[in-house]
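Scroll down for the structure; my scribbles are underneath it.
Just so you know, all these numbers are worked out from the coordinates, no wet-lab data involved. Since the structure is predicted, the reported quantities are computational estimates derived from the model, not experimental observations. Cβ: placed from backbone, ideal geometry, glycine included. Neighbour counts: every protein chain shown.
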Amino acid sequence: MEYQHIIIGGGCAGFQLAKTMLELPKESIRSILIIESSKVHAPKSWCFWSTISHPYRHLVEKEWHSLGFKAYQNQKNLPLQHQTYQYIDSTSFISHHLSLFAKDPRLTIVYQTVSGIEETENGCLVQCENGAYHSEYVYNSVPHLQEKPYFKPKVWQHFLGWEITTSENSFDTEKATLMDFDVDKNEDGRFIYILPFTEKRALVECTVFSTQEYALESFECSLRSYLEKKYSNDYTISKIERGTIPMMPKINAEITKRIIPIGTAAGCIKASTGYSFTRNLEHTTKIIGYLQGNNKRPKYAYSRFTFYDKLLLWIIENQQSEIKKIFYLLFKNNSIKNILMFLDERTSIVQDLRIFYFLPKRTFIKALIKSKLVDLAPIKFTKKRYLGSIKTAFTFWQKTEVVSMQKNIID
Ligand SMILES: Cc1cc2nc3c(=O)[nH]c(=O)nc-3n(C[C@H](O)[C@H](O)[C@H](O)COP(=O)(O)OP(=O)(O)OC[C@H]3O[C@@H](n4cnc5c(N)ncnc54)[C@H](O)[C@@H]3O)c2cc1C
């Protein structure tokens with residue numbers, strides 16, 4: 001069958017792209033086919049920090065004006081100024097798009113599993129279990145269909161969340177807790193994430209960044225002891241959310257004139273945080289620009305932020321116990337505005353240096369040396385320049401007060 005555009009994967013990125021394409025003039029978008037492998041959608045709680053106006057504003061079910069962080073008995077409340085932390089239930093997101101698509105005859109959805117994509121002389125061929133579809137352009141959100149060698153992240157974000165209801169008022173509805181490291185046996189840097197929907201209802205998640213798989217009981221155990229400590233076991237569980245998010249700094253999916261990776265396949269999941277909702281939206285804007293003829297292939301380019309992400313992933317892989325200290329120093333020494341800007345990859349180099357200045361220097365230098373990351377750095381390093389940079393960085397950090405600050409923490 002012949003279509004103008006085929007989108008593989010009816011998830012976050014695929015639906016955002018299809019919706020935006022349908023908003024373009026009718027003569028430029030004649031037909032779109034979405035191929036999705038599963039009719040049953042596994043619900044996700046999507047959160048992101050954003051200004052008030054964006055295309056999914058009407059789907060935001062709850063927003064918080066402040067974020068919480070806790071480690072080493074230090075609690076920080078971080079009021080957000082020009083942004084809020086917003087929550088969208090993926091089930092409402094999916095049904096909103098399905099009802100939009102049902103009204104537009106240009107869009108068709110089929111439920112089939114794609115096994116391969118091929119660029120032909122005059123378009124693309126998408127191979128499915130029950131036959132093939134042909135189109136001018138393909139947008140693919142499924143990494144393993146394009147990734148060579150096979151998509152194989154080393155680090156994953158694992159989590160288990162319980163939506164709980166308490167009989168007493170237990171939650172501050174103005175504040176979402178981003179990270180609370182006050183969890184038993186958290187040598188692996190596990191932390192609790194809380195989204196309070198009402199004073200009596202919240203999603204409480206136990207999360208860990210790790211190379212290894214975790215048994216469900218490990219998270220259940222952490223959640224149970226955390227809830228017992230905080231809410232004296234006065235709760236009932238109404239929903240469960242389990243997830244693993246690949247944390248990859250760079251996806252090698254090939255981008256051609258006609259086959260364009262999107263979402264996870266395009267590297268839209270930020271490697272050091274696991275967030276992608278707003279990055280998928282930004283990427284959609286780039287794709288639309290490309291379709292409108294700006295000739296800039298919509299790619300998540302390698303940048304110094306990819307390099308920083310790689311450093312953190314190396315630390316997770318090799319010095320997992322440092323994670324808690326790194327986040328503690330990050331939140332202790334920087335304003336929330338700067339932290340969010342840094343995670344959004346919008347800080348200047350000077351701001352980045354300020355952020356790294358307060359992080360554990362030995363850990364990062366070790367990561368820099370051991371991981372041979374210089375090969376992937378945005379600046380090409382010669383051996384001499386590499387050693388010189390390490391020496392300069394070391395001297396710079398030596399002079400700081402970080403050493404005494406770290407001692408305080410460890411004490
Ligand atoms: C539980 C959970 C919670 C998350 N929470 C957040 C959050 O709070 N904030 C945030 O920014 N990010 C979050 N993420 C990360 C990220 O935003 C999501 O994973 C997001 O869904 C990624 O979008 P995507 O379109 O790339 O993938 P998906 O939304 O997973 O869409 C891919 C689609 O492709 C389909 N598919 C797979 N294989 C095939 C095939 N062979 N043929 C056809 N279809 C196929 C799948 O069924 C799926 O529907 C979360 C992830 C998880 C797992």
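Taken over the alpha carbons of the range 65-203 as equal point scatterers, the Debye sum produces base-10 log I(q)/I(0) values at 0.09, 0.11, 0.15 Å⁻¹ of -0.54, -0.74, -0.98. Computed from label points 7 Å out along Cα-Cβ, the spacing between GLU23 and SER66 is 3.4 nm. Taking a straight line from the alpha carbon of LYS230, these aspartates and glutamates sit under 20 Å away, with near neighbours fewer than eight places off in the same chain left out: GLU163, GLU168, ASP172, GLU174, ASP180, ASP182, ASP184, GLU199, GLU205, GLU217, GLU220.
Give me MET21, MET1 ranked fewest to most by other Cβ atoms within 10 Å of their Cβ, as a rough exposure proxy.
Values: MET21 21, MET1 13.
Exposure proxy ranking, most exposed first: MET1, MET21.
Modelling each spin label as a point 7 Å along the Cα-to-Cβ direction, I'd like the GLU136/LEU216 distance in nm, to one decimal. Placing both labels 7 Å along Cα→Cβ, they lie 4.8 nm apart. Quick one: which residues, 5 or more positions from GLY123 or on another chain, have an amide H under 5 Å from its amide H? H modelled 1.01 Å from N in the peptide plane, none for Pro or chain starts. So GLY123 has HN proximity to no qualifying residue.
Loop-located GluC sites (Glu not before Pro) in the range 89-168 (DSSP state not H, G, I, E or B) with no more than 14 neighbouring Cβ atoms inside 10 Å: GLU121, GLU129, GLU168. Please work out, to two decimal places, the log10 of the ratio I(q)/I(0) at q = 0.16, 0.21, 0.24, 0.30 Å⁻¹ from a Debye calculation in which every Cα of the range 213-262 carries one identical scatterer. Evaluating at q = 0.16, 0.21, 0.24, 0.30 Å⁻¹ gives log10 I(q)/I(0) of -0.67, -0.88, -1.01, -1.19. Beta bridges assigned by DSSP with both partners in the chain are antiparallel in approximately 70 percent of cases. Using the alpha-carbon positions of the chain, Rg (one decimal) and Dmax (whole number) come out as 22.6, 68 Å.
Determine, for SER90, SER303, the number of other Cβ atoms within 10 Å of each Cβ, and report the residues in order from fewest to most. Let's see the in-between values first.
Numbers: SER90 19, SER303 11.
By the 10 Å Cβ count, ascending, the order reads SER303, SER90.
Within the same chain, aspartates and glutamates fewer than 8 places from LYS296 are excluded, and of the rest, those with a Cα less than 17 Å from its Cα are GLU254, GLU282.
Mind checking the full-extension length gain between ASN294 and GLU174? Use 0.36 nm per residue of separation minus the Cα-Cα distance, one decimal, nm. Mind dumping the intermediate values first?
Numbers: separation 120, 0.36 × 120 = 43.20 nm, distance 4.24 nm.
The ASN294-GLU174 span can extend by a further 39.0 nm.
In loop segments of the range 1-106 as defined by DSSP, the GluC sites (Glu not before Pro) with at most 13 further C-beta atoms inside 10 Å of their C-beta are GLU23, GLU27, GLU61.
Taking the number of other C-beta atoms within 10 Å as the exposure measure, put ARG346, ARG279, ARG304 in order starting with the fewest.
Details: ARG346 11, ARG279 21, ARG304 14.
Ordered from fewest to most neighbouring Cβ atoms within 10 Å, ARG346, ARG279, ARG304 come out as ARG346, ARG304, ARG279.
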